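Undergrad: Pasting in a structure now, in structure tokens, and then I'll have a few things to ask.
Every read-out reported here was derived from the displayed coordinates using simple, explicitly stated rules and does not represent laboratory data. In this text the structure is predicted, and so the values were computed from the model without any measurement. Every residue, glycine as well, gets a Cβ built from its backbone with ideal geometry; the counts of neighbours run over all protein chains shown.
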Amino acid sequence: MTQEFSTCGSLTITDLGLPAAAAAPEQKGRLPKAMFAGKNPAELPKRVYQQLAQHVASIHLLGILTDRTANTQPVPHVPEVLVLGLKLAADIDHIPDGVIELIASQRKGGIVFACVREVDTDSPAPAASAASDPTASPEPLAPGEYVSYAVRRGFSAHAGHTPTYEVFATDWMPVEDPLQLAPQGETMAQLWDNLCAQIMLGQDTTDNLHADLLRLRRKTQLQAELAKVTADHARAKTTDKRNALFTKKAQLTRELEQLG
């Protein structure tokens, strides 16, 4: 009898391009949300609790990448990479970044999150990711099932400094034609870095990953600031204020162009 793979919506781990050997069986796929909420869910931050209780309909273990299933060498700080599916509740059109932060902070190793949503009627395509350009006009999504991949990644400006963590995600993709991940690396740590590069940067090389991620972070910050300044410029009442904001917009635009 053929063993069925765990699914999130209609998505399986092989739909992401990842090996079938890493797939979790269907009967072990669904995970109770309570296992991530801690002993006292009421102590969670309000935004995180709301996302876990209302925005995420269900959580599914799609599979586990290990040194055996990914044919790599094990390392202590990245023993495995989980692939978790987050099925979003009806009408939720953005990734639950608080839930992703909550779950990822509890695990040693990496986690690839596949956030799955249903679109019933033509709707705007909100930016799924903090890395998306907030000044861009998104194309509407046709009815169907969509997925966004997300990862939580630590940033440290200098060696030895405590990292800060942020969640990054791809744009929404039709489940029948998602980005095909092709993990590479001789160790599990290199494989995790490679997956992050594919999801966060759209590239499969990790030669300058730290510098590339810092540039992505700065670009994200500039895009958010530019969106705010653009909105402030549109509302400005005086010529002096408009001129000052126009100059600021030009400065931000130049720096974005330099980052590429």
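Undergrad: Per residue of segment 21-30, what does 6.51 cos²θ - 1.76 cosθ + 1.60 with θ = phi - 60° give for ³J(HN,Hα)? Whole Hz please, x for Gly and Pro, Karplus curve as stated.
TA: My calculation for segment 21-30 gives 4, 8, 5, 8, x, 4, 5, 10, x, 6 Hz in order.
Undergrad: While we're here: Assuming R0 = 35 Å, can you tell me the calculated FRET efficiency for the pair ALA211 and ARG235, based on Cβ-Cβ distance, to the nearest 0.05?
TA: So the FRET efficiency works out to roughly 0.45.
Undergrad: If I take R0 = 35 Å and measure r between the Cβ atoms of GLN106 and LEU259 in this structure, what FRET efficiency does the formula 1/(1 + (r/R0)^6) give, to the nearest 0.05?
TA: According to the calculation, E is roughly 0.55.
Undergrad: Which order do the peptides 140-147, 234-241, 80-87, 184-191 take when ranked by the mean count of other beta-carbon atoms within 10 Å per residue, highest first?
TA: Peptide ranking by packing, descending: 80-87, 184-191, 140-147, 234-241.
Undergrad: Ordered by packing density, taken as the mean number of other Cβ atoms within 10 Å over each peptide's residues, highest first, how do 33-45, 92-104 rank?
TA: 92-104, 33-45
Undergrad: So, one more: Out of (1) 19.0; (2) 19.8; (3) 20.9, which label holds the value of Kirkwood radius over Cα pairs in Å that was computed here?
TA: (2)
Undergrad: For segment 242-252, take each phi angle, set θ = phi - 60°, evaluate the Karplus expression 6.51 cos²θ - 1.76 cosθ + 1.60, and give the result in whole Hz per residue in order, putting x for glycine and proline.
TA: 4, 5, 5, 5, 4, 5, 5, 4, 5, 5, 5
Undergrad: Around PHE155, which amide H atoms from residues at least 5 apart in sequence, or from another chain, sit under 5 Å from its own amide H, with H modelled in the peptide plane?
TA: THR164, TYR165, GLU166
Undergrad: How large is the charge dipole for the chain, taken about the Cα centre, if only the Cβ atoms of Lys, Arg (+1) and Asp, Glu (-1) carry charge, to the nearest 20 debye?
TA: The calculation lands at about 1200 debye.
Undergrad: Continuing with the same structure: Pop the C-beta distance of LYS28 and ARG242 into the FRET formula with R0 = 45 Å and round what comes out to the nearest 0.05.
TA: 0.15
Undergrad: Just want the answer: with Cβ charges of +1 for Lys and Arg and -1 for Asp and Glu, which residue in GLY109, ASN71, PRO41 is farthest toward the dipole's positive end in the chain?
TA: Positive-most Cα among the choices belongs to PRO41.
Undergrad: Starting with the fewest neighbours, write out HIS55, HIS77 ranked by other beta-carbon atoms found within 10 Å of each beta-carbon.
TA: The fewest-first ordering by Cβ neighbours comes to HIS77, HIS55.
Undergrad: How large is the charge dipole for segment 216-259, taken about the Cα centre, if only the Cβ atoms of Lys, Arg (+1) and Asp, Glu (-1) carry charge, to the nearest 20 debye?
TA: Here segment 216-259 has a charge dipole of around 100 debye.
Undergrad: For segment 173-186, just list the computed ³J(HN,Hα) in residue order, Karplus coefficients 6.51, -1.76 and 1.60, θ = phi - 60°, integers in Hz, with x standing in for Gly and Pro.
TA: Working through the residues one at a time gives 10, x, 4, 6, 8, x, 4, 8, 6, 10, x, 10, x, 7 Hz.
Undergrad: In nm, to one decimal, how far is the ASP204 label point from the GLN251 one, both placed 7 Å along Cα→Cβ?
TA: 4.2
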